[in-house]
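Asks: My structure is below; once you've seen it, I'll send some questions.
The values are calculated or read from the model by the stated rules, or taken from the named source; none is laboratory data. All of these numbers come straight from a predicted model, not from anything done at the bench. Cβ placement follows ideal geometry from the backbone for every residue including glycine, while neighbour counts extend to all protein chains displayed.
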Amino acid sequence: MDKFLIFIDDADDAAMYPVANIQSMTVASDGEIKIKFAPGSLGEGQAASVDIVTLTCTSNKELKVFKSIADAIGGKSFKSGGSIVIADDVNGSYVDADITACAIALDA
């Protein structure tokens, strides 16, 4: 069964991606993590076919956040499929307490 990650950065701005579509997770700068998903919302083979979710986090806590996301993906309650909220700016709910915000860029 597929596993999905949910990101919400505003009341009417949210995205859900299959875990299998993660291309990379990188530290872009201090306190900023970028997660790239492919194919993007334009679909496979398009020029700009990568969506990027940017997580803002506490300075120097990027590795801790990486591990929290990996632990959530591998967690017992998530192994059989379903979804997990990684970042929800509307309700202030995050998979790790050091995440403070997220931003979604479609076809970045």
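Asks: Mind checking which residues of region 81-99 are touching a residue at least 60 places away in the same chain (Cβ under 8 Å) and surrounded by 12 or more Cβ atoms within 10 Å (Cβ to Cβ)?
Replies: Across region 81-99, the qualifying residues are 83, 84, 85, 86, 87, 88, 89, 90.
Asks: Would you check which residues across region 11-21 are in a strand (DSSP E or B) and among the small types (Gly, Ala, Ser) and list them? So that I can check it myself, show each step before the final result.
Replies: Filtering region 11-21 down to residues in a strand (DSSP E or B) leaves 13-18.
Result: 14, 15.
Asks: Are there strands (runs of 3 or more DSSP E) fully within region 22-108 with at least 2 residues that are at pLDDT 95 or above, over 15 Å from the mean Cα position of the chain (by Cα) and farther than 17 Å from residue 5 by Cα? List them.
Replies: none
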